[in-house]
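Notes follow once the structure below has been shown.
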Amino acid sequence: MNIIGPEYLTFGVDDVRACVQYLIDYGLKPLDVDDQGGFLEALDGTGVLIRHRDHAGLPAPMGTASTLRETVYGVADESTLQAIEHELRKDREVHRTDDGVLHAIDDMGFALGFRITQRRALALPGEISNAPGSTTLREVNSLGASNEMAALPRSLSHVVYFVPDADKAEAFYTRLGFVCTDRFIGTGPFLRPAGTLDHHTLFFINTPPFMKGIEHFTFHMAGPTEVMLAGTRFVEKGYQSFWGPGRHQLGSNWFWYFNSPLGCHVEYDADMDLHDDSWAPRVEPSSADTSQYFLFEHREKWMPGGKPE
Ligand SMILES: [Fe+2]
């Protein structure tokens, strides 16, 4: 099943205005947004749909504090939609809405949607490092960093769920063609659907049932410089850093997580490893040491010099 990855996430929130402003400040572009919320998109058209928790037509809440109402995946074609529908009809209700989205509920109670992807193909260079010996260098006289860099989220990368039974959750997504790329013992697997090489678009964290819901979501940036630039600008706008910046071990993705009014963390990520079916999953104990190679903490800009304090 050619599932490419998450296309958009739907939230039902208390404070629509704060969530919309948060995502604009994060770097998403608002489309058709008014006081009822609306859709905010990254450069490739993937994004986040914000609605008030009582908005008519939203998928039902999960019965926990989680504000995530639906994860909608982009798929390659109609035959993939039909294959998903055929598989899920074996043991659950599936329906299509007028917007072409196929809806179902997974074995943990998370609402899922699937539609033929509307992602726009991006033709943008990534960050290039002027490494001695490399044949790929930046053009002469082009700058590696500047205050003019927009540092905008490019594409919805992954979503992480708190689940009460990660094994059961993994078994469900295996039916849809997701494969495990790496695994944290006792926490959960990193999963990759068939239509992408990204290390993961989905990760589970085993938690007590009352915590069930979304832990975080993130968009891919051009590289580590954009993660640092966007994150620094976000802090300077008053948002609270939760974890990072740093670089994860499994997936090698650069990360920086922030608190949000959506009731989950929101991350910037960059430079995730790519894998295909020849990759053998690693199995690691879950710990601070295995979660990152290094971790920094933001501090106010500073320079040496001046009078002694
Ligand atoms: Fe993440």
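Every number here is computed from the coordinates shown, using simple stated rules; none is lab data. The structure presented is a predicted model; accordingly, all values stated were derived computationally and were not measured. As a convention, Cβ positions derive from the backbone with ideal geometry for all residues, glycine included, and neighbour counts pool all protein chains shown.
Miscellaneous remarks
- Kirkwood Rh and Cα Rg combined as Rg over Rh, evaluated for the range 82-158: 1.25
- The Cα atoms of the range 1-124 cover 41, 41, 23 Å along the three principal axes, with the biggest extent listed first.
- Local electrostatic count, ARG17, Cβ distance below 13 Å [Lys/Arg +1, Asp/Glu -1]: -4
- Net charge, LEU152 excluded, C-beta distance under 9 Å - Lys, Arg +1, Asp, Glu -1: +1
- Note on the chain: dipole from Cβ charges, positive end direction compared against GLY186, ALA230, TYR268; the farthest Cα belongs to ALA230.
- For the range 20-90, the fraction of C-alpha pairs more than 17 angstrom apart is 58%.
- Within straight-line cross-link reach of LYS29, lysines at Cα separation under 23 Å, skipping those fewer than 8 residues along the same chain: LYS237
- Square roots of 5 times each gyration tensor eigenvalue, C-alpha, the range 50-103, largest first, Å: 24, 13, 10
- Quarter of the Cα convex hull surface for the range 117-178, i.e. its orientation-mean projected area (nm²): 8.4 nm²
- For the chain, the longest principal axis of the C-alpha atoms and the axis of helix 78-88 are separated by about 60°.
- If R0 equals 41 Å, the separation of the Cβ atoms of HIS86 and ASN141 corresponds to a calculated FRET efficiency of about 0.15.
- Other-chain or far-sequence residues with amide H under 5 Å of GLY5's (modelled H): GLY74
- In summary, the chain shows an alpha-carbon radius of gyration equal to 1.02 times the 2.2 N^0.38 Å reference for compact globular proteins.
- Low-density loop cleavage sites - trypsin sites (Lys or Arg not before Pro) in the range 23-129, where at most 13 other Cβ are within 10 Å (DSSP): ARG89, LYS90, ARG92, ARG120
- Note on LYS301, LYS212: ascending count of other Cβ atoms within 10 Å places them as LYS301, LYS212, the fewest first.
- Between ARG96 and ASN130, the C-beta separation translates, for a Förster distance of 45 Å, into a calculated FRET efficiency of about 0.35.
- Pairwise centroid distance, computed over Cα atoms, of the range 247-288 with the range 86-128, Å: 22 Å
- Theoretical ellipticity at 222 nm over the chain - DSSP helices of four or more residues, -39500 (n - 2.57) apiece, nearest 500: -4500 deg cm²/dmol
- With Cα atoms defining each centre, the range 193-244 and the range 130-152 are spaced 24 Å apart in the structure.
- Net charge of Cβ neighbours under 13 Å - reference LYS29; Lys, Arg +1; Asp, Glu -1: -2
- Along its three principal directions, the equivalent ellipsoid of the range 159-305 from the Cα gyration tensor extends over semi-axes of 28, 18, 14 Å, largest first.
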